[in-house]
Amino acid sequence: MAVAAVKEYDFAPLDRHENFHGNQLLFIGWEDHLMFCAPFAFPFPPDMPFRAVIEQVLPGAFGYHPDFAQIEWAKAEWFKSGHPWQPDFDKSLADNGLGHKDVIRFRTPGLTGIKGSCS
């Protein structure tokens with residue numbers, strides 16, 4: 001069923017890049033792990049190395065899941081906006097082609113949640 005607004009929505013979104021003081025939002029999700037039902041949003045500087053995201057940020061976000069300690073990052077499958085993508089861990093987010101409000105997800109072959117439940 002279609003919905004019509006009673007009045008026009010004409011406003012600048014608050015999540016514009018210029019509102020993040022040089023940082024950009026990056027959404028990161030873990031496939032087959034529904035304990036995390038949606039990607040997390042992180043404000044990162046564009047020159048941050050991708051490896052720093054893996055080593056310094058993701059453990060704090062996903063590390064309490066029992067599968068996390070078993071991840072073999074070299075075997076992880078990555079997706080950018082739903083399409084297969086391969087990051088270079090030694091390049092910056094910007095050099096990996098990641099911009100404000102991009103969405104990346106990773107799949108960890110052989111790890112599908114608690115007892116294979118995708119949770």
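The values are calculated or read from the model by the stated rules, or taken from the named source; none is laboratory data. What you see is a predicted model, and the numbers here were worked out from it, not measured in a lab. Counting neighbours? That spans all protein chains shown, and the Cβs are built from the backbone with ideal geometry, glycine included.
Values for this structure:
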{"item": "Residue ID - modelled with the highest pLDDT, chosen from residues in the stretch 20-34 that are surrounded by 12 or more Cβ atoms within 10 Å (Cβ to Cβ) and out of contact with any Phe, Trp or Tyr (no Cβ under 9 Å at 6 or more places or on another chain)", "result": "Asp32"}
{"item": "Exclusive hit being over 21 Å from Asp32 (Cβ atoms) and touching a helix residue (DSSP H, G or I) at 6+ places or on another chain (Cβ under 6 Å), set Phe89, Phe44, Phe62, Phe68", "result": "Phe89"}
{"item": "From Phe68, Phe50, Phe62, Phe79, residue being farther than 30 Å from Asn19 by Cβ, surrounded by 14 or more Cβ atoms within 10 Å (Cβ to Cβ) and without any contact (Cβ under 8 Å) to a residue 60 or more places away in the chain", "result": "Phe68"}
{"item": "Filter result for Phe106 (within 15 Å of the chain's Cα centre (by Cα) and either over 23 Å from Met48 (Cβ atoms) or not in a loop (DSSP other than H, G, I, E, B) (or both))", "result": "yes"}
{"item": "Test: residue in the stretch 6-27 that is of a type in the set (Val, Ile, Thr) and free of Cβ contacts under 8 Å to residues at least 24 places away in the same chain", "result": "yes"}
{"item": "Residue check for Lys101: touching a residue at least 40 places away in the same chain (Cβ under 8 Å) and not acidic (Asp, Glu)", "result": "yes"}
